[in-house]
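Values quoted throughout were computed directly from the atomic coordinates according to the rules given, and no laboratory measurement underlies them. Not measured: the values here are computed from a predicted model. Here the Cβ positions follow ideal geometry from the backbone for every residue, glycine too, while neighbour counts run over all protein chains shown.
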Amino acid sequence: YNLPNRDCHARASNGEICCTYLAGGQCNYLAGGFCEAGLQEYRVEYVDRFAAVLAEFDGKVPVVIIVEPDSLPNLVTNLANPRCGDAATQQAYKLGV
């Protein structure tokens, strides 16, 4: 859910993790690159923590995982927007999901 550069076109529902940060802490959607730092933060701050909870209850509680799909169609419909169509945001979505 909290993919780097999430909801790149929106301003109210942006995620908390950026591929690249501006000095004030906001996402720099036009920085380019391949989102290595953002994907690492996503892995450590979100995915690893989520996976640890699942592992704690492995074999004890049935679990169903549903990937929240809202951000994926938003990315596709906003490819013409420079905030969404750049390589970093594309990489974040492809590798993050």
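Table for the structure above
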{"quantity": "Qualifying helices (runs of 4 or more DSSP H) (wholly inside region 10-86; at least 2 residues being exposed (fewer than 11 other Cβ atoms within 10 Å of the Cβ))", "calculated": "48-56, 71-77"}
{"quantity": "Residue match in region 5-13 (condition: in contact (Cβ under 8 Å) with a residue 60 or more places away in the chain, touching a Pro at 6+ places or on another chain (Cβ under 6 Å) and among the small types (Gly, Ala, Ser))", "calculated": "no"}
{"quantity": "Lone qualifier among 28, 14, 2 - being closer than 19 Å to residue 88 by Cα and over 13 Å from the mean Cα position of the chain (by Cα)", "calculated": "28"}
{"quantity": "Residue 31, sole failed condition from (1) within 12 Å of residue 18 (Cβ to Cβ); (2) in contact with a His (Cβ under 9 Å, 6 or more places away or on another chain)", "calculated": "(2)"}
